[in-house]
Amino acid sequence: MNILLFGASGMVGEGVLRWLIDSPKVARVVAVARKELTVKDAKLEMVIEPDMFNLRQLDKLKDFDACFFCLGVSSVGMDAVEYRRVTYDLTLSVAKTLLPFNPRMVFEYISGERTDARSRQAWARVKAETEDALFALGFRDAYGLRPGFIQPLRGVKSRLRSLRVLYAFSAHIYPFLQRHMARFVTSTDLLGAAMLKLAQVGSAKKRLNTAELNALGRQ
């Protein structure tokens, strides 16, 4: 399969990217980023786009089987208007740009656990609204993925020091967490495997939680 990936400079996106590169089921990965990535591989192509709202290299962004949209920001300390702009507005801008050039594309958007249109938390409502808008665009298929805690694997590290400490600790107990808390805990490997499975065979359910993603990833 040919996969288009957004957000590969982030922890989750880089973890998914590394899993995709190692998967024999993936022929080609094109990662769209604002700057060069540290990951290098013969299977990987990079497209540098400084302004994601105005994608310029459209000739390199067509005829893909799926788009894995791992691009996102935390709402902590962010103005509500700006958060909506970089969450809803940016995601929809990218999706609308890609759709005419990718008629067979499956669009997979990572929103997150507790995403809910009826939530009292603004970020959860914005992400739910983003999911709904993506479903209505007309892609061959589209999914809203709602993972909880994501353990980075394959040497991927968070760019935040505080989170690096957390993930270093959780790495030691990750097997225990997967056995006993699989409803809430996944990994970048399982997430990548689940995303690829959705792109290949689909699912009647369009919003998937951590347990459902883990089950798909293990198939």
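Per-structure values
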item	result
Long-range neighbours under 6 Å by Cβ, at least six apart or interchain, first residue of a type outside the set (Asp, Glu) within segment 19-45, second exposed (fewer than 12 other Cβ atoms within 10 Å of the Cβ) and assigned to a loop (DSSP other than H, G, I, E, B)	Arg34/Pro50
Single match in Ala95, Ala128 (criterion: surrounded by 14 or more Cβ atoms within 10 Å (Cβ to Cβ), in a helix (DSSP H, G or I) and touching an Asp or Glu at 6+ places or on another chain (Cβ under 8 Å))	Ala128
Residue identified as out of contact with any Pro (no Cβ under 6 Å at 6 or more places or on another chain) and crowded, with 19+ Cβ neighbours inside 10 Å among Val81, Val86, Val47, Val29	Val29
Condition broken by Arg56, with the remaining ones in (1) farther than 20 Å from Val201 by Cα; (2) in contact (Cβ under 8 Å) with a residue 12 or more places away in the chain; (3) surrounded by 12 or more Cβ atoms within 10 Å (Cβ to Cβ) satisfied	(2)
Search result, residues across segment 112-125 that are under 16 Å from the mean Cα position of the chain (by Cα) and either under 18 Å from Ala95 (Cβ atoms) or part of a helix (DSSP H, G or I) (or both)	Gly112, Thr115
Extreme residue, modelled with the lowest pLDDT, among residues of segment 139-198 that are basic (Lys, Arg) and part of a helix (DSSP H, G or I)	Arg164
Number of the exception - Tyr109 against (1) within 17 Å of Gly10 (Cβ to Cβ); (2) part of a loop (DSSP other than H, G, I, E, B); (3) among the aromatic types (Phe, Trp, Tyr)	(2)
Filter result for the condition that a residue is touching a Lys or Arg at 6+ places or on another chain (Cβ under 7 Å), modelled with pLDDT of 95 or more and not charged (D, E, K, R), over Thr97, Thr91, Thr87	Thr87
Search result, residues across segment 199-219 that are in a loop (DSSP other than H, G, I, E, B) and at pLDDT 95 or above	Gly202, Ser203, Ala204, Lys205, Lys206
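Residue by residue, here is whether (1) farther than 20 Å from Leu190 by Cβ; (2) touching a Ser or Thr at 6+ places or on another chain (Cβ under 7 Å); (3) surrounded by fewer than 18 Cβ atoms within 10 Å (Cβ to Cβ); (4) not hydrophobic (A, V, I, L, M, F, W, C) holds:
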position: Ile3; (1), (2), (3), (4): no, no, no, no
position: Arg18; (1), (2), (3), (4): no, no, no, yes
position: Pro24; (1), (2), (3), (4): no, no, yes, yes
position: Asp63; (1), (2), (3), (4): yes, no, yes, yes
position: Phe69; (1), (2), (3), (4): no, yes, no, no
position: Leu90; (1), (2), (3), (4): yes, no, no, no
position: Leu99; (1), (2), (3), (4): yes, no, yes, no
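The values are calculated or read from the model by the stated rules, or taken from the named source; none is laboratory data. Quick caveat, the model's predicted, so the values are computed rather than measured. Heads up, the Cβs are rebuilt from the backbone with ideal geometry, glycines too, and the neighbour counts pull from every protein chain shown.
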